[in-house]
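The values are calculated or read from the model by the stated rules, or taken from the named source; none is laboratory data. Quick caveat, the model's predicted, so the values are computed rather than measured. Cβ placement follows ideal geometry from the backbone for every residue including glycine, while neighbour counts extend to all protein chains displayed. Note: accessible area is taken over every heavy atom of the protein model, side chains too, but ligands, DNA and RNA are not part of it. Shrake-Rupley method; radii C 1.70, N 1.55, O 1.52, S 1.80 Å.
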Amino acid sequence: MSADTNTWLVAGLGNPGPGYSGNRHNVGQMVLDELAARIQARFKTHKANALVAEGWLSPGGPKLILAKPGTYMNLSGKPVAALAKFYGIAPDRIIVIHDELDVPFDTVRLKQGGGHGGHNGLRDILAALGSADFVRVRVGVGRPPGRQDAADFVLKDFSSVEKASLPILLTDAADAVELIVTDGLNAAQQRYHSPV
């Protein structure tokens, strides 16, 4: 089945199950919940081992296919690749939203292409798609304090101080996705990468 170029697959990375839902590692799925609320779409189980919600940004506007892989983070590739194939979506029409240690908390950075930077979810998606052409919405979670292990840090919930401004971060990331889809990556980068 082939999609028109105004259809985007937006994958929010995380781990399945309620025990992980508030973790920093699941911030990509939190952004998807915000987007789903905006387009009034509900997540349903898809045979590609993912929860999928579909809707339009505006009447006649871009269509979003929001996907939460049903696998653990480091196995995100197979569901994303299967959905891309099912909907006929090219890699440059895929947006992956993920947590990013190298970006300060409360900051959103956008890029297309490149490596995985040690992020296991991205590593698996790169391998499964056989392409680095997809767009990444990198949601900053910052570096762990002191000597805390990065793997432990991302599997913990946001701190109470972070939780206070988390809704703003999720809104910014969801806005960034909308801007990529409507105005293109360059316009979105100019907005999110320029000093305020």
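A few notes on this one:
- Checked against (1) under 30 Å from SER58 (Cβ atoms); (2) touching a Lys or Arg at 6+ places or on another chain (Cβ under 9 Å); (3) not acidic (Asp, Glu), ALA187 passes all but condition (2).
- Of the criteria (1) of a type in the set (Gly, Ala, Ser); (2) touching a residue at least 40 places away in the same chain (Cβ under 8 Å); (3) open to solvent by less than 70 Å² (accessible area, probe 1.4 Å), which one ALA151 fails: (2)
- Filter result for the condition that a residue is small (Gly, Ala, Ser), under 15 Å from the mean Cα position of the chain (by Cα) and more than 22 Å from ASP33 (Cβ to Cβ), over GLY130, GLY113, GLY118, GLY140: GLY113
- Some residue of region 141-152 being over 22 Å from ASN120 (Cα atoms) and either modelled with pLDDT under 95 or out of contact with any strand residue (DSSP E or B) (no Cβ under 9 Å at 6 or more places or on another chain) (or both): yes
- Hits in region 71-110 - residues which are buried (at least 19 other Cβ atoms within 10 Å of the Cβ) and basic (Lys, Arg): ARG93
- The condition of being open to solvent by less than 50 Å² (accessible area, probe 1.4 Å) and hydroxyl-bearing (Ser, Thr, Tyr) holds for only one of SER165, SER160, that being SER165.
- Strands (runs of 3 or more DSSP E) fully within region 1-73 counting 1 or more residues that are within 17 Å of the chain's Cα centre (by Cα) and modelled with pLDDT of 95 or more: 7-12, 50-56, 63-69
- Inter-residue pairs, beta-carbon under 6 Å, first over 28 Å from SER160 (Cβ atoms) and among the polar types (S, T, N, Q) and in region 96-123, second outside any loop (DSSP other than H, G, I, E, B) and modelled with pLDDT of 95 or more, 6+ apart: GLN112/VAL135; GLN112/LEU185
- Residues that are under 22 Å from GLY61 (Cβ atoms) and surrounded by 10 or more Cβ atoms within 10 Å (Cβ to Cβ), drawn from region 35-49: LEU35, ALA36, ALA37, ARG38, ILE39, ALA41, ARG42, PHE43, LYS44
- Condition check for LEU66 on (1) touching a strand residue (DSSP E or B) at 6+ places or on another chain (Cβ under 7 Å); (2) surrounded by fewer than 17 Cβ atoms within 10 Å (Cβ to Cβ): one failure, at (2).
- Output for region 9-32, where each listed residue is in contact (Cβ under 8 Å) with a residue 12 or more places away in the chain and surrounded by fewer than 20 Cβ atoms within 10 Å (Cβ to Cβ): PRO16, TYR20, GLY22
- Any hit, region 103-114, residues being of a type in the set (Gly, Ala, Ser) and under 19 Å from THR5 (Cβ atoms): yes
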